[in-house]
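To start, the structure under review is shown below, and the notes come after it.
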Amino acid sequence: MKPFVTLEFPDKPRRLKFGINALCEIEDVLEKPITELNEMGLGVKEVRLFLYAAFREDEPEITLQDVGNIMDDYDGGWVALAAKIGEAVSLAFGEGKNDQRPVMKEREVSGKK
């Protein structure tokens with residue numbers, strides 16, 4: 001199971017987990033690879049999109065409007081949510097304290113060292 005970050009909202013806790021489907025949905029909407037998002041930065045719309053994509057796994061009926069309303073109730077506001085998104089994305093890529101990435105061996109390229 002992919003690691004996740006738990007967010008505490010007044011109505012209930014929610015998992016912030018970025019599986020492949022969530023990451024693809026984000027890329028489709030933003031028309032950018034997820035790997036280029038560091039250069040772009042996250043505004044309010046992007047934070048809402050990330051939360052929407054992550055929450056849909058557990059709550060398939062959730063809407064963008066619902067997510068915006070949920071964000072309004074988060075202690076710390078959307079900036080704190082953006083930081084939590086950063087943590088969850090790092091976990092999705094196997095970074096962080098629960099690092100479970102396979103060890104990659106360097107490939108030899110013919111004629112180059």
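At 0.36 nm per residue, and after removing the present C-alpha to C-alpha distance, how many nm does the segment from THR6 to GLU36 gain when stretched out fully? List each step's numbers first, then the result.
Values: separation 30, 0.36 × 30 = 10.80 nm, distance 2.49 nm.
So the extension gain works out to 8.3 nm.
Round to the nearest 0.05 the FRET efficiency obtained for GLU59 and GLU95 when R0 = 25 Å and r is the Cβ-Cβ distance. Intermediate results must be reported in sequence, preceding the final value.
Working: r = 26 Å, r/R0 = 1.04.
Step by step, r from the Cβ atoms, then E = 0.45.
Quick note: the coordinates plus some simple rules give every number you see, no bench work behind them. Here the structure is a predicted model, which means the values were calculated and not measured. Every residue, glycine among them, receives a Cβ derived from its backbone with ideal geometry; neighbour counts consider all protein chains shown.
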